[in-house]
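Asker: Below is one structure. I have some questions about it.
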Amino acid sequence: MRQDHLGATELLRDEVSAFVARTPRERSSRATILAELGRLSDPCSRDADPVHVTGSALVLGSRGILLHLHKVIGRWMQPGGHVEPGEHPADAAVREAIEETGVAVHHAPFGPYLVHLDVHDAGPHVHLDLRYLLVGSDDEPTPPPGESQEVRWCSIEEALALADESLVDGVARLADLAGRIATV
């Protein structure tokens with residue numbers, strides 16, 4: 001099992017190393033994530049260490065960017081959450097986006113793409129959040145009971161105005177990609 005964690009950690013390290021940080025926050029987050037990947041024995045386990053990798057979805061569709069009002073912290077954010085055992089953060093991003101919004105999503109045609117990353121304090125935990133570009137259907141959000149009921153498609157401008165500070169750079173990256181990604 002330890003070997004599996006080592007292989008998965010190397011894949012994550014390669015993915016984060018390839019990410020081109022454009023802002024001071026992105027540079028700091030990238031450096032922290034790389035350092036933590038060197039320290040953590042099981043980087044995706046929320047039980048092994050209070051610092052762990054999470055997977056989030058920056059969902060782009062023909063209707064805009066999909067955001068939800070987080071039910072606990074009360075801020076507009078991207079869907080995402082903890083990585084299940086044996087799951088890659090890119091797969092967690094898809095699962096969490098569907099679970100939290102009810103919208104059908106998938107990776108872009110060129111495969112999982114790490115479009116943004118961020119390190120943030122999440123109460124007793126620190127999340128090393130890997131944010132993947134996902135393409136969303138035109139579905140109206142239908143979040144299940146127990147999830148935030150405030151989910152909506154936003155224009156780039158609206159998303160920038162609503163976004164949590166940790167998400168602004170990610171929304172700006174989506175704005176750059178919006179004209180180049182087929183959203184069907």
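The values are calculated or read from the model by the stated rules, or taken from the named source; none is laboratory data. It should be emphasised that the depicted structure is a prediction, and the values quoted were computed from it without experimental measurement. In this analysis, Cβ positions are derived from the backbone assuming ideal geometry, glycine residues included, and neighbour counts consider all displayed protein chains.
Asker: If LEU34 satisfies all but one of (1) surrounded by 19 or more Cβ atoms within 10 Å (Cβ to Cβ); (2) free of Cβ contacts under 8 Å to residues at least 40 places away in the same chain, what's the number of the condition it fails?
Answerer: (1)
Asker: With the requirement that a residue be free of Cβ contacts under 8 Å to residues at least 24 places away in the same chain and closer than 23 Å to ASP91 by Cβ, what does region 37-65 give you?
Answerer: Those that are free of Cβ contacts under 8 Å to residues at least 24 places away in the same chain and closer than 23 Å to ASP91 by Cβ: ASP47, ALA48, ASP49.
Asker: For residues in region 134-148 being in a loop (DSSP other than H, G, I, E, B) and touching a residue at least 40 places away in the same chain (Cβ under 8 Å), which is surrounded by the most Cβ atoms within 10 Å (Cβ to Cβ)?
Answerer: PRO141
Asker: Look at region 113-126 and say how many of its residues are in contact with an Asp or Glu (Cβ under 8 Å, 6 or more places away or on another chain) and not aliphatic (A, V, I, L, M).
Answerer: Counting residues in region 113-126 that are in contact with an Asp or Glu (Cβ under 8 Å, 6 or more places away or on another chain) and not aliphatic (A, V, I, L, M) gives 3.
Asker: If you go through region 109-130, how many residues are touching a residue at least 12 places away in the same chain (Cβ under 8 Å), in contact with a helix residue (DSSP H, G or I) (Cβ under 9 Å, 6 or more places away or on another chain) and either of a type in the set (Phe, Trp, Tyr) or part of a loop (DSSP other than H, G, I, E, B) (or both)?
Answerer: Residues that pass the stated criteria total 2.
Asker: Shifting gears a bit: Counting just the residues of region 2-31 that are at pLDDT 95 or above, surrounded by 11 or more Cβ atoms within 10 Å (Cβ to Cβ) and small (Gly, Ala, Ser), which one comes out nearest to HIS120 (Cα to Cα)?
Answerer: Only one residue tops the list, namely SER29.
Asker: Additional query: Using the structure shown, decide if ARG46 is touching a strand residue (DSSP E or B) at 6+ places or on another chain (Cβ under 7 Å), at negative phi and in a loop (DSSP other than H, G, I, E, B).
Answerer: Criteria met by ARG46.
Asker: Taking HIS70 as meeting all but one of (1) surrounded by 13 or more Cβ atoms within 10 Å (Cβ to Cβ); (2) touching a helix residue (DSSP H, G or I) at 6+ places or on another chain (Cβ under 8 Å), write down the number of the exception.
Answerer: The failed condition is (2).
Asker: Criterion first (within 30 Å of GLU10 (Cβ to Cβ), at pLDDT 90 or above and in a strand (DSSP E or B)) does VAL59 satisfy it?
Answerer: On the way: within 30 Å of GLU10 (Cβ to Cβ): yes; at pLDDT 90 or above: yes; in a strand (DSSP E or B): yes.
The answer is yes for VAL59.
Asker: Looking at THR23, THR32, which one is over 16 Å from the mean Cα position of the chain (by Cα), of a type in the set (Val, Ile, Thr) and closer than 13 Å to GLY170 by Cβ?
Answerer: Of the residues listed, the single one that is over 16 Å from the mean Cα position of the chain (by Cα), of a type in the set (Val, Ile, Thr) and closer than 13 Å to GLY170 by Cβ is THR23.
Asker: Here is a follow-up. For region 158-173, which residues satisfy the criterion of being closer than 13 Å to LEU67 by Cα and part of a helix (DSSP H, G or I)?
Answerer: GLU158, ALA159, LEU160, ALA161, LEU162, LEU167, VAL168, GLY170, VAL171 - these are the residues of region 158-173 that are closer than 13 Å to LEU67 by Cα and part of a helix (DSSP H, G or I).
Asker: When you look at SER56, is it crowded, with 18+ Cβ neighbours inside 10 Å, among the small types (Gly, Ala, Ser), closer than 29 Å to PRO144 by Cβ and under 15 Å from the mean Cα position of the chain (by Cα), yes or no?
Answerer: Judged against the criteria, SER56 is a match.
Asker: While we're on this one: Return the only residue of HIS82, HIS88, HIS52, HIS68 being modelled with pLDDT of 90 or more and closer than 16 Å to PRO112 by Cα.
Answerer: HIS88 is the lone residue from the list that is modelled with pLDDT of 90 or more and closer than 16 Å to PRO112 by Cα.
Asker: How many residues does region 116-133 hold that are buried (at least 18 other Cβ atoms within 10 Å of the Cβ), out of contact with any His (no Cβ under 6 Å at 6 or more places or on another chain) and either closer than 15 Å to THR54 by Cβ or modelled with pLDDT under 95 (or both)?
Answerer: Counting residues in region 116-133 that are buried (at least 18 other Cβ atoms within 10 Å of the Cβ), out of contact with any His (no Cβ under 6 Å at 6 or more places or on another chain) and either closer than 15 Å to THR54 by Cβ or modelled with pLDDT under 95 (or both) gives 8.
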